[in-house]
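Below you'll find the structure, written out as structure tokens, and then a few comments.
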Amino acid sequence: MVSFTDPPEAKALAERAHDLMEEVVLPKERELTGGMAASERTIEELREAAREYGVYAPQIDEEYGGMGYDFRDVLPTFEEAGRSVLGAQAMRIAAPNEGNMHLLELHGSELQKQEYLEPLVEGKISSGFSMTEPIQGGGSDPKMLKTTAEKDGDEWVIDGHKWWTTNGVNADILLVFARTDQDAHPYEGCSVFIVPADADGVEIVRNIPHIGPSIDRHGHAEIEYNGVRVPEEHLLGEEGEGFKHVQERLGPARLTHCMRYSGMAERALDIAKAYISEREAFGSKIADKQTPRHAIAEHETELAAARALVRAAADEISAGGEARIGVSMAKVFTANATQDAIDTALQFCGGNGIARDLPIADFYESVRQFRLVDGADEVHKRVIARESFADVDAAELDPITRFEG
Ligand SMILES: Cc1cc2nc3c(=O)[nH]c(=O)nc-3n(C[C@H](O)[C@H](O)[C@H](O)COP(=O)(O)OP(=O)(O)OC[C@H]3O[C@@H](n4cnc5c(N)ncnc54)[C@H](O)[C@@H]3O)c2cc1C
């Protein structure tokens with residue numbers, strides 16, 4: 001609806017992604033309705049198609065099996081992929097592998113890149129990211145991290161309890177966030193480790209039952225790490241720099257969530273518009289009544305605003321910045337705008353909104369997690385407010401304070 005000034009290469013890539021979605025992914029998604037999970041074979045076929053269309057792993061350097069596009073240039077492609085829960089899996093840009101590949105590309109040694117990044121990009125192995133911990137440990141406040149890694153000769157020994165590790169049950173490797181220096185400042189002295197999922201002491205407690213789309217294959221695992229030993233070469237990045245590294249993973253990953261979810265919300269509105277344009281009630285098409293038209297107009301406006309915020313933060317990251325505030329603003333706004341749009345779309349489809357015949361039921365169950373995952377709304381508002389209050393100027397009150405005393 002609103003056209004953004006995306007770079008020409010970004011537009012060309014997104015056009016190919018659009019063709020893949022229209023010609024391959026959406027027809028496959030329609031076949032899978034009714035709560036059927038997509039099989040490994042289906043995902044592999046979709047990946048093959050993504051390779052043929054020239055949109056497979058565009059965000060990863062060519063050296064490691066990707067296409068070498070800049071973060072800003074893949075943005076509209078990620079939005080396009082979000083129009084189906086299968087799109088990002090086809091293009092190898094789905095969480096959590098996408099964020100983990102990014103971290104490995106940024107900080108992996110050459111050996112780690114060969115052993116883990118390349119097969120991850122190829123889709124031969126899968127990964128999880130283990131940071132969040134149960135009640136007494138690190139959650140919204142990661143300083144509360146309890147998991148430890150202690151050096152023993154040329155090995156690290158990891159002990160801890162994690163939950164909500166997306167893809168944990170299917171993962172071949174787990175990137176585990178652990179405290180390596182008990183005496184350091186809580187925001188320092190933490191590190192990231194590559195842990196093979198079949199290492200002794202990795203105990204999958206359970207896949208947490210949760211609401212979510214029926215054709216999304218991810219689960220979220222609770223995992224115990226009991227005296228898990230990994231060689232020192234499995235340290236990812238610098239010892240003690242874990243918070244910095246994780247931030248480099250989470251900042252862009254929050255934006256890629258925004259991109260995918262805005263695509264999902266746009267598709268939900270497209271389906272709802274199609275439904276109410278066909279369906280009549282009380283003597284006219286529902287789409288001809290002013291209330292739904294205004295609601296659609298409001299959601300379209302909010303989605304355009306969300307996309308503009310995402311582009312501003314992505315520009316800053318592409319220019320080498322961290323975009324901490326921009327990412328938090330984009331994340332909170334997009335999570336709420338997409339949740340509201342999908343809720344309205346479901347409502348406009350009447351009873352069919354909750355049926356698994358249409359993908360909106362899946363979208364509705366999926367989007368609710370977005371206000372929690374990678375930092376709850378309140379945590380991002382805390383970050384924005386901290387910055388906002390940082391330069392409060394008492395001089396603003398001069399007109400009322402100069403008469404004091
Ligand atoms: C679907 C899904 C997938 C996930 N995948 C992963 C993963 O792969 N790896 C991983 O490590 N983690 C993952 N997580 C965990 C996720 O990052 C956390 O759920 C999130 O960071 C919030 O932490 P918490 O659940 O511990 O909430 P808590 O810390 O227990 O907070 C509970 C609530 O308190 C409120 N709150 C918190 N801080 C404040 C504040 N300062 N002011 C006001 N209110 C506040 C918020 O409403 C928050 O939701 C996933 C979560 C979900 C739901």
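The values are calculated or read from the model by the stated rules, or taken from the named source; none is laboratory data. From a predicted model like this one, the values you see are computed outputs, not experimental measurements. A quick note on method: Cβ atoms are made from the backbone with ideal geometry, for glycine too, and the neighbour counts reach across all protein chains shown. Just the protein is used for accessible areas: all its heavy atoms, side chains included, with ligands, DNA and RNA removed. Shrake-Rupley method; radii C 1.70, N 1.55, O 1.52, S 1.80 Å.
Here are a few things to note about the model shown:
- Computed from the C-beta positions of D152 and A312, the FRET efficiency with R₀ = 60 Å rounds to 0.80.
- The portion of the accessible surface of the chain made up by carbon and sulfur, rounded to a whole percent, is 50 (1.4 Å probe; DNA, RNA and ligands excluded).
- Max mean-square fluctuation residue, GNM over the chain, Cα-Cα springs under 10 Å, options Y261, Y225, Y56: Y225
- Distance between the pseudo-spin-label points of E62 and K143 (7 Å out from Cα toward the beta carbon): 4.6 nm.
- Length gained on full extension, E22 to D393: 128.2 nm, using 0.36 nm per residue less the C-alpha separation.
- Spin-label model distance (nm) - I204 vs R279, 7 Å beyond Cα toward Cβ: 3.9 nm
- Rounded to the nearest 20, the size of the Cβ-charge dipole of the chain about its Cα centre is 1580 debye, with Lys and Arg at +1 and Asp and Glu at -1.
- When only Cα pairs below 8 angstrom with a gap of at least 6 residues are kept, region 240-362 shows a relative contact order of 34 percent.
- Between the alpha-carbon centres of region 145-173 and region 338-368 there is a gap of 37 Å.
- With the gyration tensor restricted to C-alpha atoms of the chain, the semi-axes of the equivalent ellipsoid amount to 35, 29, 20 Å, longest first.
- Entries of K143/K244; K143/K331; K113/K146 with Cα pairs more than 24 Å apart: K113/K146
- Most to least packed among 157-169, 383-395, 92-104, 361-373 [average Cβ atoms within 10 Å]: 92-104, 157-169, 361-373, 383-395
- Extension reserve of the M1-R293 stretch, reckoned as 0.36 nm per residue once the Cα distance is removed: 103.6 nm
- Distance between the modelled labels on H185 and A319, one decimal in nanometres: 2.7 nm (7 Å Cα→Cβ projection).
- Placing +1 on the Cβ of every Lys and Arg and -1 on the Cβ of every Asp and Glu, with no other charges, gives region 338-405 a dipole of roughly 260 debye about its Cα centre.
- Evaluated with a Cβ-only charge set (Lys, Arg +1; Asp, Glu -1), region 1-148 carries a dipole of roughly 540 debye about its Cα centre, given to the nearest 20.
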